[in-house]
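I have placed the structure first, in the form of structure tokens, so that the comments after it can refer back to it.
Each reported figure results from applying straightforward, stated rules to the coordinates on display, with no laboratory input. These numbers were taken from a predicted model, which means no experiment stands behind them. Positions of Cβ are generated from backbone atoms using ideal geometry, with glycine treated the same way; all protein chains shown enter the neighbour counts.
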Amino acid sequence: MTDIVKHVDTPLNEIDELYDRLSATFASHKTHALAFRLYNLKQLAYMLQDNVPAFQAALAADLQKKPFDVELTEVWPAIGDIDLAIKRLPEWMADESKSKDATGSFKLARPRVVKQPKGVSLIIGAWNFPVLLVVCPLIAAISAGCPAIIKGSEHSPASSALLAQLIPKYLDPDAYGFVMGGPEQATALLQKRWGHILYTGSGQVGKIVATAAAQTLTSTTLELGGKSPVIVSADADITITARRMLSMKQLNAGQVCVAPDYVLCAKERVDELVKAMKDTLDEFYPPNSDRSLIGDSFDFASGIRNSRDYERLVKVIEAVDEEGKLVYRGETDPSRLRMGINLVRLNHNGDGETTTLVTEETFGPIIPIIPVDDVDAAIRYVNARPTPLALYVCSSSRKVFLDVINKTISGSAIWNDFSMTPLATTLPFGGVGESGWGSYHGFYGFLAFSHQKAVIEMPLWLEMAQKARYAPNFNKKMVR
Ligand code: NAD
């Protein structure tokens, strides 16, 4: 049995000391060296690999996550990201020559982009993947040569406390540190000057972070949430759509930023889709069985974060009667904050809706299905609302998918599947507009924490070609 590490808010004076120590390390240029970056990346991988049982115990305490789920969604994706960084870092760090298209004397001046660490950076994480959502940004900071302070979420106390214990043991404690706590610690941290800030969480707190960063004109990556739509066209493969969608929606009880949030379905296929989704739920997670979504044998079963969120979700379901019908009621176990997937069929086509189910991010196991006339109506619906983090198009025609992604703005888009982009580490992961700005993972994470400095070296021997630029020779004729 692995002990759970106790979560204790980091005192504010310790934050000051940590910040000063990391700033001195950055000033020594120690974190810039490739060998230092590679060493700490490898150590981070060992930290994850050596402590799988401890992470499993912490996530079971925080979110009732199952051991296999922890390995699959928290540990291995982070190790995969580290592998990629270790393999590609020399290439990412290399200067980029820009002489090919340079003109005149710039061609001879070694024009290039030099990637430089931005400085001591701040990472603020969310609770729903409390390991992955701070370790992946940390991989990006280490890769870029930035020392970093990580503030974990107070809503995943066991995972945050474990990371606070392990990070200084495995990584250089003069370059990386972990702060435990909530808004008080976050506010103290945000008052400092940073090289870069990467924040993951709600848009509401994202605005606070952006406002604080504006005071020191600090660059930020904001990884926010919102409603990620699913567009189901008249020619979609309904069975595959239902199976793929529900297999992803059940992850973390729907508490995933890229979970399919609502479905805009061609009206003539709604009955079929609802039936296919009900059949799939009964087949994949039969109620009252050992595969039930609220049962303990199911490998991915997890709880709702806390009773406040559980009650919020219950209220959302209860309010459905006004604008739709609950067509599939998920099993519940309020005493353990467990809730299966609920399907709601809405009456309207998206006009004039008022229930929070269609106006706010669900962030739980509920899927509203909204009938629409056609794909163009779905595009209009999406474009009239805040820009989503992810958009999913289910259609037998790739042309339909390409048309939708051409006419809509979203952080990412997938044809005939769901929630996969965070695992595709060669792609940038991030939102746009209300779902965030900037991106990370792999090379894009490295770039987020790197300043791309334009460098030119004007050779002294080029002086012979410079005569014309000096007075009295320089004149209008020459610039024309
Ligand atoms: P949250 O906004 O409540 O908290 C996020 C972080 O902000 C926590 O570390 C918290 O301590 C800190 N915080 C809280 N109040 C603060 C304040 N006043 N000043 C500064 N920091 C403060 O978000 P959450 O509930 O942890 O996460 C849920 C949201 O995050 C959802 O909207 C979800 O979609 C989004 N999310 C996005 C991603 C992504 O990668 N885009 C990933 C996970 C979650």
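What ranking of 415, 127 emerges when the number of other C-beta atoms within 10 Å of each C-beta is taken as an exposure proxy, fewest first? The partial results should precede the final answer.
Details: 415 15, 127 21.
The fewest-first ordering by Cβ neighbours comes to 415, 127.
Projecting the Cα atoms of 474, 93, 289 onto the charge dipole of the chain (Cβ charges, centred on the Cα centre) puts 474 farthest toward the positive pole. The order of the peptides 234-245, 323-334 by mean Cβ neighbours within 10 Å, most packed first, is 234-245, 323-334.
Residues whose amide H falls under 5 Å from that of residue 110, counting only those 5 or more places apart or on a different chain, are 457, with hydrogens built in the peptide plane. Here the translational diffusion coefficient of the chain follows from Stokes-Einstein with Rh set to the Kirkwood radius across Cα pairs; for 25 °C and 0.890 mPa s it amounts to 101 µm²/s.
Given R₀ = 30 Å, FRET efficiency for residue 396-residue 327 by Cβ-Cβ distance, to 0.05?
Values: r = 25 Å, r/R0 = 0.82.
After rounding, the FRET efficiency stands at 0.75.
Could you list log10 I(q)/I(0) for the stretch 71-126 at q = 0.12, 0.18, 0.19 Å⁻¹, which the Debye formula gives when each Cα is one point scatterer? So the normalised log intensities work out to -0.54, -0.83, -0.87. Taking amide H as placed 1.01 Å from N in the peptide plane, the amide H of residue 342 sits under 5 Å from that of 330, 366, 367, each at least 5 places away or on another chain.
Placing +1 on the Cβ of every Lys and Arg and -1 on the Cβ of every Asp and Glu, with nothing else charged, gives the chain a dipole about its Cα centre of roughly 2480 debye.
Helix 132-144 and the longest principal axis of the Cα set of the chain meet at an angle near 10°. Dipole of the stretch 1-101 computed with +1 at Lys/Arg Cβ and -1 at Asp/Glu Cβ about the Cα centre; of 38, 48, 73, farthest Cα towards the positive end is 38. Along the stretch 268-280 the Karplus relation, 6.51 cos²θ - 1.76 cosθ + 1.60 evaluated at θ = phi - 60°, assigns HN-Hα couplings of 6, 10, 4, 4, 4, 5, 4, 5, 4, 5, 5, 4, 5 Hz to successive residues, with x for each Gly and Pro.
Among the GluC sites (Glu not before Pro) found in the stretch 24-103, not one is both in a DSSP coil and sparsely packed, with 15 or fewer other Cβ atoms within 10 Å of its Cβ. Magnitude of the charge dipole for the stretch 103-212, about its Cα centre and with charges confined to Cβ atoms of Lys, Arg (+1) and Asp, Glu (-1), is about 660 debye. Karplus-derived 3J(HN,Hα) values for the stretch 153-162, using 6.51 cos²θ - 1.76 cosθ + 1.60 with θ = phi - 60°, are 8, 6, 7, 10, x, 5, 5, 4, 5, 5 Hz; glycine and proline are entered as x.
Among bridges DSSP assigns within the chain, what percent are antiparallel (round to 5)?
Values: 17 of 52 bridges.
Bridges in the chain are about 35 percent antiparallel.
Net length available on complete extension from residue 9 to residue 374 is 126.2 nm, with 0.36 nm assigned per residue and the Cα-Cα distance removed.
Gain on full extension, evaluated as 0.36 nm per residue between residue 275 and residue 27 minus their Cα-Cα distance, stands at 83.1 nm.
Among the listed pairs 118/453; 42/453; 118/151; 65/315, which have their C-alpha atoms separated by more than 21 angstrom in this model? With Cα atoms farther than 21 Å apart: 42/453; 65/315.
Sort 37, 112, 305, 193 so the one with the fewest other Cβ atoms within 10 Å of its own Cβ comes first. The partial results should precede the final answer.
Values: 37 25, 112 17, 305 21, 193 12.
Arranged by neighbour count, lowest to highest, 37, 112, 305, 193 become 193, 112, 305, 37.
Taking a point 7 Å from the Cα of residue 110 along the Cα-to-Cβ direction, the residues of the stretch 444-465 with backbone N closer than 19 Å to it are 452-464.
Exposure proxy for 339, 248: other Cβ atoms within 10 Å of each Cβ, ordered fewest to most, give 248, 339. Over the stretch 294-354, the fraction of Cα-Cα pairs per 5 Å bin, rounded to whole percents and listed from the shortest bin up, is 4, 16, 24, 21, 15, 11, 6, 2, 0. Helix content alone sets the calculated 222 nm mean residue ellipticity of the chain: runs of n ≥ 4 DSSP H residues at -39500 (n - 2.57) each, divided across all residues, give -12000 deg cm²/dmol. Working note: Karplus 6.51/-1.76/1.60 with θ = phi - 60° gives the stretch 252-259 the couplings 6, 6, x, 8, 10, 4, 9, 5 Hz, where Gly and Pro are set to x.
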